[in-house]
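Below is one structure; the comments refer to it alone.
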Amino acid sequence: MKGIKRIWFWFTLVVCPLLIILGVATFAQLLGQYMYSQQFSFSSLSSFQIAFMGGGICAFLYF
């Protein structure tokens, strides 16, 4: 039980902030493309971009 708490502690300390940064960076990139590109469409989003933003949102809400 003690090992699980230690793993969970390091997960929240290291992985959650990384997911938050990755989600914010992806969102900022998409916002920049939306503002400065006339050819941007939401159908051009990749599944990785959606997953990174979703992971960042979940990590932010948990953290």
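Considering only residues that are open to solvent by less than 100 Å² (accessible area, probe 1.4 Å) and either within 8 Å of the chain's Cα centre (by Cα) or closer than 24 Å to Val14 by Cα (or both), which ones fall in the range 27-56?
If we filter the range 27-56 for residues that are open to solvent by less than 100 Å² (accessible area, probe 1.4 Å), which is where we start, we get 28-33, 37, 40-41, 44-47, 49-56.
Passing the criteria: Ala28, Gln29, Ser47, Gln49, Ile50, Ala51, Phe52, Met53, Gly54, Gly55, Gly56.
Phe11 - would you say it is at pLDDT below 85 and either assigned to a loop (DSSP other than H, G, I, E, B) or in contact with a Cys (Cβ under 6 Å, 6 or more places away or on another chain) (or both)? Give the derivation first.
Details: at pLDDT below 85: yes; either assigned to a loop (DSSP other than H, G, I, E, B) or in contact with a Cys (Cβ under 6 Å, 6 or more places away or on another chain) (or both): no.
Taking the combined requirement at face value, the residue does not satisfy it.
Against the condition open to solvent by 100 Å² or more (accessible area, probe 1.4 Å), in contact (Cβ under 8 Å) with a residue 12 or more places away in the chain, out of contact with any Phe, Trp or Tyr (no Cβ under 7 Å at 6 or more places or on another chain) and in a helix (DSSP H, G or I), how does Ile21 come out, does it pass?
Values: open to solvent by 100 Å² or more (accessible area, probe 1.4 Å): yes; in contact (Cβ under 8 Å) with a residue 12 or more places away in the chain: yes; out of contact with any Phe, Trp or Tyr (no Cβ under 7 Å at 6 or more places or on another chain): yes; in a helix (DSSP H, G or I): yes.
Considered against the rule, which asks whether it is open to solvent by 100 Å² or more (accessible area, probe 1.4 Å), in contact (Cβ under 8 Å) with a residue 12 or more places away in the chain, out of contact with any Phe, Trp or Tyr (no Cβ under 7 Å at 6 or more places or on another chain) and in a helix (DSSP H, G or I), Ile21 comes out as yes.
The values are calculated or read from the model by the stated rules, or taken from the named source; none is laboratory data. Everything numeric here is computed off the predicted structure, so don't read it as measured data. Virtual Cβ from ideal backbone geometry, glycine too; neighbours counted across all protein chains shown. For the accessible areas, the whole protein counts, side chains as well, though only heavy atoms, and no ligand, DNA or RNA atoms are used. Shrake-Rupley method; radii C 1.70, N 1.55, O 1.52, S 1.80 Å.
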